[in-house]
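Quick note: the coordinates plus some simple rules give every number you see, no bench work behind them. Remember, it's a predicted structure, so these values are computed and weren't measured experimentally. Ideal geometry is used to build each Cβ from the backbone, glycine not excepted, and the neighbour counts take in all protein chains shown.
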Amino acid sequence: MRKIILSLLVMGSTILHSQSKDSEAKEFESAMNQMTISAMDTFILLHPESELKDKAVQYRDSLALPQEGASYYQFSAYVEKYPNSRFSASIIEKLPDMVDRDLHFQDSFHSTIELLKHFVTLYPTAPNIKKAKKDLELYYARSLSYKFNIEEYKDFRKLFPESRYYYNNKTKKMAKKYDPKESPAATY
């Protein structure tokens with residue numbers, strides 16, 4: 001009697017397991033037909049132990065990958081959202097070149113500074129980070145010399161406390177000119 005009950009349990013679990021695999025395969029096929037990132041994410045969340053999970057992750061990563069001409073910010077967002085993607089390592093290697101490319105399209109010191117600051121703070125171990133930091137410091141200094149901005153000056157001091165532009169006489173004069181009561185170069 002025990003053997004019969006055990007064999008029924010084993011057969012029942014085998015049947016349930018094969019049915020769940022069939023339903024997983026159908027759900028995966030449905031997600032593939034939808035060709036959307038959210039469909040793949042849903043499949044991955046619903047079936048974390050599935051044999052099809054790796055295929056779903058690879059397909060989702062391919063769908064989410066920004067197009068070739070996308071901006072630095074789009075590629076950076078991809079790396080932040082999918083750090084374990086097979087594409088993330090190569091994107092991180094190319095990010096400094098993307099920063100250089102995107103700098104040509106910037107039309108003000110502020111947007112240039114924001115782009116470089118984003119790169120420097122998120123990827124401190126990236127290749128050519130020293131050059132990017134040096135460029136950022138230079139853009140900050142030029143921006144402060146061009147028109148004094150107290151918020152940019154505070155950011156500048158946080159990122160570059162040892163900067164050679166820090167106590168620049170021109171910066172002090174600009175600070176006094178725009179805020180005669182208080183000289184940020186002397187007080188912050």
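Provide a single number: the residues in the range 48-106 that are of a type outside the set (S, T, N, Q), loosely packed, with under 13 Cβ neighbours inside 10 Å and under 30 Å from Lys131 (Cα atoms).
11
Would you call Leu115 aliphatic (A, V, I, L, M), surrounded by 14 or more Cβ atoms within 10 Å (Cβ to Cβ) and part of a helix (DSSP H, G or I)? Don't jump to the end; show me each part of the working.
Numbers: aliphatic (A, V, I, L, M): yes; surrounded by 14 or more Cβ atoms within 10 Å (Cβ to Cβ): yes; part of a helix (DSSP H, G or I): yes.
Judged against the criteria, Leu115 is a match.
Is it the case that Ala39 is surrounded by 13 or more Cβ atoms within 10 Å (Cβ to Cβ) and either among the acidic types (Asp, Glu) or in contact with a Phe, Trp or Tyr (Cβ under 6 Å, 6 or more places away or on another chain) (or both)?
On the way: surrounded by 13 or more Cβ atoms within 10 Å (Cβ to Cβ): yes; either among the acidic types (Asp, Glu) or in contact with a Phe, Trp or Tyr (Cβ under 6 Å, 6 or more places away or on another chain) (or both): no.
So Ala39 fails the test.
Does Asn128 meet the test of being in contact with a Pro (Cβ under 9 Å, 6 or more places away or on another chain) and surrounded by fewer than 18 Cβ atoms within 10 Å (Cβ to Cβ)?
Details: in contact with a Pro (Cβ under 9 Å, 6 or more places away or on another chain): yes; surrounded by fewer than 18 Cβ atoms within 10 Å (Cβ to Cβ): yes.
Yes, satisfied.
Could you tell me how many of the residues in the range 89-125 are under 20 Å from Glu68 (Cα atoms) and in contact (Cβ under 8 Å) with a residue 12 or more places away in the chain?
Step one: list which residues in the range 89-125 are under 20 Å from Glu68 (Cα atoms), which gives 89-106, 115, 119.
Among the residues that remain, those that are also in contact (Cβ under 8 Å) with a residue 12 or more places away in the chain are: 91-96, 98-99, 101-103, 115, 119.
The qualifying residues number 13.
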